[in-house]
Amino acid sequence: MRAQKLTFCCCLLVLLSCINYASAFTCVPRAKITKPVAYTPVSKPNPQSFQSSSTHLYSSTTDEVTDKNDASTDRLLGILVLLTVPLSWGTYAPVVKYVYEMDPPLPGFVFSAGYYVVASVTLTFLSIMLNSSTSDGQSQAVFQPNADDDDEYSSNKLSLQSIAGLELGSYLFIGNCLQVVGLKTIPADRGAFLVQLTTIMVPLLQAAFAGNFGSIAVNTWLACILAFSGVIIMGLDQSSDVEILNSMSSLTEGLSFSGGDILIILAAISYSMHVIRLGRYAKFTSPIGLAASKATVEAGLSILLVGGLLATSASTNIAFINDMSTELSTYFSQVQTALDTGNFPPSGSGKALGACLWTGWVTCAYTIYAQSFGQRRVEPTDANLIYTMQPIFSAMFAYFLLGETLGTYGKIGASMIGFGLYLANSPSDDKKEV
């Protein structure tokens, strides 16, 4: 009971730090607005001209304060929405286990294609419904960027939304495939460590694209390092000292990288590019429209992948492709046999369908929309720091649903992530816009 209370207190402290991280952006004091002092001029002024100038200065001051408070409120909204992204991701692992209770078991790539199709259909339907309720003029204003802001978009004949969906959906699809293939050849703990390099890669790539590494605040760099370290330490929770030593040995063995390591690092780069480019596209597109476009691309690529693997018929010299092709062929053969014998649907199919619907609607469709919505208001580096909270939310679900508690390493790691988010909010003199 004491361990459960400690776990609850630890999670509560982390959540309080996140609330402080978000609320600080709304604590913008309103400037005291007074009319400008009228100094006695040497020559007699025109009263009408003086009154006009005074009114203009007063109006400008009021507008600046209003705009500043509106921007702070908008940023708070973005942060709160982004906090629901790792919260939703935290439900993924408990749901996926039901997929493997089917007989025959559902292949991972088929499952991915299934929930991407659910997400695509749902988001496309919502996008059409929302667009039909707005005027054509309003829709054009949402989707078209300002040509003065970025000339690269104005030259494209295709809509920006379609281009964004194709690019961002491809980043996620490629990252997922690279990660799946890479994990076939390296230990899971090593893969988890390498994929978390996104926490460091996002500010590095963002600063590189800006052409100025000083464009990222020192506090942000420290926050990224703390959050990255916290995620790794949380991964050591519930492990024995021997297992921890073996994990560290696996991570540092020979200080060399295998082919699997390179694939995971490339996956981390792909995920990082998605976060950065989403921060750019989200400013000029509708969140629901961009989410629908991105999900459709991921669904299409997933279906093509499944079809391509089935077409190979285990005839290649690449072991992984042969294994996946054989797994898919076996699964669909068993499904066909069940249909022929009247034993359809197979046992466990209801759980698989439920998992596809939940994953498609919550952990896929909603999070794609929430990321598009939130990153219109929050910088990519700050957004990526928020995403590192996934293991904390997973621990909270495990505590409330399964009664599982965090160990010492879990509490230390969660505290480091929470402090990293708090540090990112701390005032910094060198913080600049990217």
Exercise. Just for segment 263-288: of the residues that are in a helix (DSSP H, G or I) and basic (Lys, Arg), which one is modelled with the lowest pLDDT?
Worked result: Arg280
Problem set entry | Only listed residue being surrounded by 14 or more Cβ atoms within 10 Å (Cβ to Cβ) and modelled with pLDDT of 65 or more, chosen from Ser162, Ser133, Ser139 | Ser162
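Have a look at Gly300, Gly260 and point out the one that is modelled with pLDDT of 80 or more, in a helix (DSSP H, G or I) and either surrounded by fewer than 23 Cβ atoms within 10 Å (Cβ to Cβ) or among the hydroxyl-bearing types (Ser, Thr, Tyr) (or both).
Just one listed residue meets the conditions, Gly300.
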For this session: Could you tell me whether Gln334 is surrounded by fewer than 18 Cβ atoms within 10 Å (Cβ to Cβ) and either part of a helix (DSSP H, G or I) or of a type in the set (Ser, Thr, Tyr) (or both)?
Result: yes
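Determine whether Leu328 is under 28 Å from the mean Cα position of the chain (by Cα) and in a helix (DSSP H, G or I).
So Leu328 does not fit the description; no.
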Problem set entry | Members of segment 353-411 that are surrounded by 24 or more Cβ atoms within 10 Å (Cβ to Cβ) and among the aromatic types (Phe, Trp, Tyr) | Tyr369
Exercise. Can you tell me which residues in segment 340-378 are among the aliphatic types (A, V, I, L, M) and either closer than 30 Å to Ser72 by Cα or at pLDDT 90 or above (or both)?
Worked result: Leu357, Val362, Ala365, Ile368, Ala370, Val378
Problem set entry | Failed item in (1) of a type in the set (Phe, Trp, Tyr); (2) assigned to a helix (DSSP H, G or I); (3) surrounded by 19 or more Cβ atoms within 10 Å (Cβ to Cβ), with Phe320 passing the rest | (3)
Problem set entry | Unmet criterion (only one of (1) at pLDDT below 75; (2) surrounded by 17 or more Cβ atoms within 10 Å (Cβ to Cβ)) for Ala147 | (2)
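The values are calculated or read from the model by the stated rules, or taken from the named source; none is laboratory data. Only a predicted model underlies this, so the values are computations on that prediction, with no experimental measurement involved. We place every Cβ from the backbone using ideal geometry, glycine too, and count neighbours over all the protein chains shown.
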